[in-house]
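Each remark here refers to the structure printed beneath this line.
Here, each number is a calculation from the coordinates, and none is a lab measurement. Computed from a predicted structure; not experimentally measured. Here Cβ is always computed from backbone atoms with ideal geometry, including for glycine, and neighbour counts include all displayed protein chains.
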Amino acid sequence: MEVDYTKKIAVFTIDVEEWYHLEYFKDKKVNKKQTAIDGLTSFIRLIEENNIRATFFIVGELIDKIKHTLIDIEAKGNEIAIHSYCHRRPVNQKIKSFKDDVRKCQNELVKIFPNKLFGYRAPCFALDRKRLNELNKLDIKYDSSKINQSNHPLYVDLNINDFEKIVPNGIFVKNNFKVFEVSTVKIFGLQIPISGGGYLRIIPWFIYSALLKKYLKNNNFFNFYIHPFELSTNKFELPKGTSLFTRFRFNYNRKKVEKRISRIIKILKDYNFDFKTFDEL
């Protein structure tokens, strides 16, 4: 079915990973008995209450643990996609290791969903052009790793200057391979993500909502993302040596995330956005 890209389109996504997959904890001793998967359950309930479908980017290590959940959400029209197997920043992996990681997650998902092709999002949006080119060779349908925020230490500026711009600030294509950009808005010379994640928690709501409305007035594509730990009601014992700043950005306003997501959905509906999955686009 042809997609009308002149219409206003919103895609809701969740990077299905554990709290300890965060880059800030990768070299620390973590208690893996603590889980944030209840946050995934909360996200599923939220989208079902609002009658929207979403794209779920899965870390392969968790597939066995949440297999039945994946089957259920896919059967309800949601999309399953790849978020690496072991949640390592692609630019920190050699090309072969990167390809092996993607292929391993791909193979595990195919066991559950035979004859399907999957989209991809890089951990920490840390994908460069060399590795993007490899995704095409791996039968990946699309990528959603582009974010225009060069001042973040973990993100990577993905160069796709030779791609055709289907939707400004949102959807790009080359040889039928699409790249979907995470939504940001420029303010005081800085690109600020108004697309979820930690920014949804840390930026005061009156500022966040104003930035979101500013963006929606001028753009037809909105790409939202969140993580299970941000919706989890569990208390986490963070590793020894975790800095005060990391503790702050991990815990701050997690209790308000569910309410804020509901508000974002209402704002999008007020601005006449249709909710799609990346697969539908």
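Tabulated values for the structure
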| quantity | calculated |
| --- | --- |
| Cα gyration tensor shape for the range 1-142, rounded if a/c is under 1.5, else prolate or oblate | oblate |
| Potential lengthening between I95 and A75 on full extension [0.36 nm per residue; Cα-Cα distance subtracted] | 3.8 nm |
| Exposure proxy order (Cβ contacts within 10 Å, fewest to most) of I37, I261 | I37, I261 |
| Full-extension gain in nm, D162 to N115, via 0.36 nm per residue minus C-alpha separation | 13.9 nm |
| Selected from Y252, Y208, Y20 as most flexible by GNM, with the chain as the system and alpha-carbon contacts under 10 Å | Y252 |
| Highest-MSF residue in the chain out of I44, I66, I207 [GNM, Cα springs under 10 Å] | I207 |
| Cα-based reach from K96 at 16 Å (exclusive), listing lysines while leaving out same-chain residues under 8 positions away | K104, K130, K137 |
| Ranked list, fewest to most other Cβ atoms within 10 Å of each Cβ, for L244, L238, L117 | L244, L117, L238 |
| Scattering curve values for the chain, log₁₀ I(q)/I(0), Debye with Cα scatterers, q = 0.08, 0.15 Å⁻¹ | -0.30, -1.22 |
| Candidates A36, A75, A122: whichever shows maximal mean-square fluctuation once the chain is modelled as a Gaussian network with Cα springs under 10 Å | A75 |
